[in-house]
Amino acid sequence: MSMSDCRQRDPARSLRRRQLLLLACVVREHGGTWGIAQAAPATEGTKVWVNLPGDPAAAY
């Protein structure tokens with residue numbers, strides 16, 4: 001991997017971390033659960049799942 005490849009990935013990682021932090025805050029606020037699982041064999045990466053009790057949108 002070249003140095004330019006590493007620089008191009010850093011913004012994506014930073015964005016992904018911020019998005020996961022936001023997700024964790026929303027899930028905690030609504031008393032839900034979430035996690036990360038292995039992606040399907042035909043895709044790369046990971047998959048995020050979320051369970052929120054009731055109707056969280058009703059709180060807004």
Of all residues in segment 22-47, which are of a type in the set (A, V, I, L, M) and more than 22 Å from Ala58 (Cα to Cα)? Ile36, Ala37, Ala39, Ala40, Ala42
Selection count where residues are aliphatic (A, V, I, L, M), in contact (Cβ under 8 Å) with a residue 12 or more places away in the chain and open to solvent by 80 Å² or more (accessible area, probe 1.4 Å), scope segment 25-47: 1
Mind checking which residues of segment 1-34 are at pLDDT below 65 and small (Gly, Ala, Ser)? Ser2, Ser4
If we keep only residues of segment 46-60 that are modelled with pLDDT of 80 or more and not charged (D, E, K, R), then the residue nearest to the chain's Cα centre (by Cα) is Val48
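The values are calculated or read from the model by the stated rules, or taken from the named source; none is laboratory data. Please read these numbers as outputs of a predicted model, since none were measured by experiment. All Cβ positions, even for glycine, are placed from backbone atoms using ideal geometry, and neighbour counts span all protein chains on display. These area figures cover heavy atoms from the full protein model, side chains too; ligands, DNA and RNA do not enter into them. Shrake-Rupley method; radii C 1.70, N 1.55, O 1.52, S 1.80 Å.
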